[in-house]
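Everything below concerns the one structure shown next.
The values are calculated or read from the model by the stated rules, or taken from the named source; none is laboratory data. Keep in mind that what you see is a predicted model, and the values were worked out from it rather than measured. Every residue, glycine among them, receives a Cβ derived from its backbone with ideal geometry; neighbour counts consider all protein chains shown. Side chains are part of the model used for accessible areas, which takes the heavy atoms of the whole protein and leaves out ligands, DNA and RNA. Shrake-Rupley method; radii C 1.70, N 1.55, O 1.52, S 1.80 Å.
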Amino acid sequence: MSGRKNAGKTSPWMLILISLGCFFATYNFLTMPGRGRDGSRKFLGGGDRDSGGSYGSGDPAKRFHVALTATDALYSQWQSRIMHYWYKEMRDRPGSDMGGFTRILHSGKPDGLMDEIPTMVVDPLPEGKDKGYIVLNRPWAFVQWLQRAKIDEDYILMAEPDHVFVKPLPNLAHGDEPAAFPFFYIKPTENEKILRKFFPEEKGPVSKIDPIGNSPVIIKKAQLEKIAPTWMNVSLKMKEDQETDKAFGWVLEMYAYAVASALHGVHHSLRKDFMIQPPWDLKTDNTFIIHYTYGCDYTMKGQLTYGKIGEWRFDKRSYLQSPPPRNLSLPPPGVPESVVCVIFCLIEYVVPICVYI
């Protein structure tokens, strides 16, 4: 243990870690019935090494490169570090087709994570072009990365900093049909009037536009190389159109990717098992990624109080200026396992403990 001055004495940090690990293990045992001896391992998809579970293809041609776009803001950095940590945890386990990893940093300059996370620095949009909508830099970042990077894999997973892998991820794409998560709030057919500005009638019905964003998506690199410039241009045009900007708001860039894909005749296989989003999704059993974008508020009896600050809460936006603390409070009994798993993942990252006991 670093900082130990006398081998005959127990480090205070060791006592803290042991206590925390035992407390968390006890908490999981008591509040998660039916988890069995492998408890924490199975909870994070790590207990299937010898169980004959759903494995990846084992085909090197199916490997995909994990890519996420990020800024140098502290808020983005701590999420990126946690995301990269769980990528490393799941990458080499049975069931995984995960290959290399790149954080595409669109701040235009290196930051303090360059030696920790594989990173390519790209330029942001010209000043003022994003009009305060920083996500607009994402497609431009992918355009630059695809032009400049040497990517060994034939497929790419587009991911985000607030994703954590809870199970080894196989390649869910099928040849030229990419895999994507369907978002309930992306509704092309209900926005036909607006989308016709960017998807003309000769291209067919707007139902050809998939109800998706760019992330999470597993797609062939060759396809993304064609789609990305169109995605960037459609995003900029949508942002410049006041009616579209007002209608789509913070999901504008997601609609732009869906439109760009449809313009290139690319249809995605919709995989609800790709990802869950607490607190709405309760179980982790059949998913690969947890997206912790929503605030989670509960009473101490485990009742959801969404829209009202709970007696217990976790919201990533509470940590704009600093990462989650080492003493992040555990959820009360009764909180869904999806939320417990998010907290578990954050605690395991900030204080590596004996979670696999």
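Yes or no: Arg138 under 21 Å from Phe181 (Cα atoms), basic (Lys, Arg) and modelled with pLDDT of 95 or more?
Yes, satisfied.
Tally time: how many residues in segment 181-222 are open to solvent by 20 Å² or more (accessible area, probe 1.4 Å), touching a Ser or Thr at 6+ places or on another chain (Cβ under 8 Å) and among the charged types (D, E, K, R)?
Matching residues across segment 181-222 total 1.
To keep it simple, each residue is scored yes or no on (1) surrounded by fewer than 15 Cβ atoms within 10 Å (Cβ to Cβ); (2) modelled with pLDDT of 95 or more; (3) outside the structural domain of Gly132 (by the TED database); (4) not basic (Lys, Arg).
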| site | (1), (2), (3), (4) |
| --- | --- |
| Glu240 | yes, yes, no, yes |
| Tyr255 | no, yes, no, yes |
| His268 | no, yes, no, yes |
| Asn286 | yes, no, yes, yes |
| Cys296 | no, yes, yes, yes |
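Suppose we keep only residues that are surrounded by fewer than 19 Cβ atoms within 10 Å (Cβ to Cβ) and among the small types (Gly, Ala, Ser) within segment 109-144. Which one would you say is farthest from the chain's Cα centre (by Cα)?
The selected residue is Gly128.
Report yes if Ala262 is surrounded by 15 or more Cβ atoms within 10 Å (Cβ to Cβ), touching an Asp or Glu at 6+ places or on another chain (Cβ under 6 Å) and within 30 Å of Arg196 (Cα to Cα), otherwise no.
Judged against the criteria, Ala262 is not a match.
Considering only residues of segment 318-341 that are closer than 22 Å to Thr71 by Cα and touching a residue at least 60 places away in the same chain (Cβ under 8 Å), which is most open to solvent (accessible area, probe 1.4 Å)?
Step by step, filter segment 318-341, then rank; the result is Gln321.
Being open to solvent by 10 Å² or more (accessible area, probe 1.4 Å) and in contact (Cβ under 8 Å) with a residue 40 or more places away in the chain is the filter here, so list the residues in segment 270-283 that pass it.
If the condition is that a residue be open to solvent by 10 Å² or more (accessible area, probe 1.4 Å) and in contact (Cβ under 8 Å) with a residue 40 or more places away in the chain, then Leu270, Arg271, Lys272, Ile276, Asp281, Leu282, Lys283 are the ones that fit.
Can you tell me how many residues in segment 54-108 are within 14 Å of Leu157 (Cα to Cα), open to solvent by 10 Å² or more (accessible area, probe 1.4 Å), among the charged types (D, E, K, R) and under 16 Å from the mean Cα position of the chain (by Cα)?
Residues in segment 54-108 being within 14 Å of Leu157 (Cα to Cα), open to solvent by 10 Å² or more (accessible area, probe 1.4 Å), among the charged types (D, E, K, R) and under 16 Å from the mean Cα position of the chain (by Cα): 1 in total.
Within segment 122-145, how many residues are part of a loop (DSSP other than H, G, I, E, B), farther than 11 Å from Leu105 by Cβ and among the charged types (D, E, K, R)?
4
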